[in-house]
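The values are calculated or read from the model by the stated rules, or taken from the named source; none is laboratory data. Keep in mind that what you see is a predicted model, and the values were worked out from it rather than measured. A quick note on method: Cβ atoms are made from the backbone with ideal geometry, for glycine too, and the neighbour counts reach across all protein chains shown. With ligands, DNA and RNA removed, areas are computed over all heavy atoms of the protein, side chains included. Shrake-Rupley method; radii C 1.70, N 1.55, O 1.52, S 1.80 Å.
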Amino acid sequence: KKLSELVLEKSKDLYRYKGVISVKGVDVKFVFQGVHMLLTAGYVPSARWLAGEQRRSKLVFIGVDLNHEELAVIFENCKAC
């Protein structure tokens, strides 16, 4: 499942979400943010990973009736893509 699919399925339960994702082999950060069904996502050329900076993905979801395990599986599966 992709982020866009998650937003479509859970939009009424997602109040706010945002994150920075480290993509292997890419030197710029992938950033996403949204409110309910409004999602903005993409690589930000001005936000490069710095030499020596720990590359960590950080995700925040605020909402109701969110399944933590389901969210974790979606993003863990992204690592394999």
task = Kindly express, to the nearest 10 degrees and within the range 0 to 90, the angle between helix 68-80's C-alpha long axis and the longest C-alpha principal axis of the chain.
result = 40 degrees
Residue-normalised accessible area of the chain, given per residue in Å² at a 1.4 Å probe = 72 Å²
ask   = When all protein chains stay in place, what accessible area (Å², nearest 10, 1.4 Å probe) is found for Ser46?
value = 110 Å²
task = With springs only between Cα atoms under 10 Å apart, run a GNM on the chain and tell me which of Val60, Val23, Val31 wobbles the most.
result = Val60
note = Checking Lys18, Lys29, Lys58 against a Gaussian network model of the chain (alpha-carbon springs below 10 Å), the top fluctuating residue turns out to be Lys58
request  = Multiply the residue gap between Arg56 and Gln33 by 0.36 nm, knock off their C-alpha separation, and tell me the result in nm, one decimal place.
outcome  = 6.6 nm
ask   = On full extension of the chain, what length is gained from Leu8 through Tyr43, given 0.36 nm per residue of separation minus the C-alpha to C-alpha distance?
value = 10.5 nm
request  = Can you send over the carbon and sulfur percentage of the accessible area for the chain, probe radius 1.4 Å, protein chains only?
outcome  = 57 percent
ask   = Tell me, what ³J(HN,Hα) does each residue in the stretch 47-57 have, in order and in whole Hz, if you take phi through Karplus 6.51 cos²θ - 1.76 cosθ + 1.60 with θ = phi - 60° and put x for Gly and Pro?
value = 10, 8, 6, 7, 4, x, 6, 5, 8, 10, 7
query = Taking the Cα-to-Cβ direction at His68 and at Lys24 and moving 7 Å from each Cα, how far apart do the two end points lie in nm?
reply = 2.7 nm
